[in-house]
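Enquirer: My questions all concern the structure below.
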Amino acid sequence: MKKIAFIAIALFGICSVEAQNISQRARSLRMESYAKDEYQVKDIKIFDDTMFVICRSEYVHYPLGKYNSVDAYINRSYLDWYREMSYQNFFNDSLRVPVTKISRLDDSFIDTYSSINTGKMEIIGGNITDPAIKLRLKVCVGMKKNDVFAAFFRAFPKTYIADINVLRIVSAGGEFAQVFTFKRNRLQSIAFITNYRYY
């Protein structure tokens, strides 16, 4: 009798996990249908409390906007920034390039370089906790979770994002990601993570 009870519990657990996987796949497909066209969403995946949105749009690479230089961005942001120059390795560590780190008093920072390929200011990393720093979509720290998702989706059932604590907007090639972290239904921080191997 104990064996039958154990088998029944094991089958119930396996079925529950499989039902949850199907539920997450269905939720991902439905969220994909709600995505705004300008982001050219290729796929959406949900793992635990994280939603990955894979996009083809150039917005993913330029969340602050397209600028010809760091100075152009600083002037347009109307914020006081501190600058620090350093060098980082590119091309598998065979080329050292100048990197400008701009930061705010709360330790928010953005690492940038001027690309010889695009002629634009490119972001190579960063972490934002200052609500005064706004992305191109007017997204900023402190916003409600629903409002952040509304920047990327036309509409969506609120229950679909209730358990999402991290939203990762990822470029189709996987070389750039924006990571939005939520706490108590508010945007806590925005991070930029890159895997550039070119200059």
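Enquirer: Once amide H atoms are built 1.01 Å from N in the peptide plane, which residues 5 or more positions from Arg186, or in another chain, come under 5 Å H to H?
Expert: Correct list: Lys145.
Enquirer: Provide Rg and Dmax in Å for region 85-190, with only Cα atoms included in the calculation.
Expert: That works out to 16.0, 49 Å for Rg and Dmax.
Enquirer: Go through region 137-149 residue by residue and turn each phi into a ³J(HN,Hα) via Karplus (6.51, -1.76, 1.60, θ = phi - 60°); whole Hz please, and just put x for glycine and proline.
Expert: The phi angles translate into 7, 6, 7, 8, 4, x, 5, 5, 4, 4, 5, 5, 5 Hz.
Enquirer: Against the empirical 2.2 N^0.38 Å scaling, what ratio does the C-alpha Rg of region 105-162 come to?
Expert: Values: Rg = 15.0 Å, N = 58, 2.2 N^0.38 = 10.3 Å.
Expressed relative to 2.2 N^0.38 Å, the Cα Rg reads 1.45.
Enquirer: Read phi for every residue in region 98-103 and hand back ³J(HN,Hα) as whole Hz from Karplus 6.51 cos²θ - 1.76 cosθ + 1.60, θ = phi - 60°, with x for Gly and Pro.
Expert: x, 10, 9, 9, 10, 9
Enquirer: Considering only the other residues whose Cβ falls under 13 Å of the Cβ of Arg76, what net charge follows from Lys and Arg at +1 and Asp and Glu at -1?
Expert: Working: positive: Lys66, Lys134, Arg136; negative: Asp71.
Computed value for this residue: +2.
Enquirer: Taking only pairs that are 8 or more places apart or on different chains, how many Lys pairs in region 92-199 have Cα atoms under 25 angstrom apart?
Expert: 16
Enquirer: From largest accessible area down, sort Met143, Met31; use a 1.4 Å probe on the protein chains.
Expert: On the way: Met143 40, Met31 0 Å².
From most exposed to least exposed: Met143, Met31.
The values are calculated or read from the model by the stated rules, or taken from the named source; none is laboratory data. In this text the structure is predicted, and so the values were computed from the model without any measurement. Glycine gets a Cβ as well: all are built from the backbone with ideal geometry, and neighbour counts include every protein chain shown. Please note that ligands, DNA and RNA were not included when accessible areas were found on the heavy atoms of the full protein model with its side chains. Shrake-Rupley method; radii C 1.70, N 1.55, O 1.52, S 1.80 Å.
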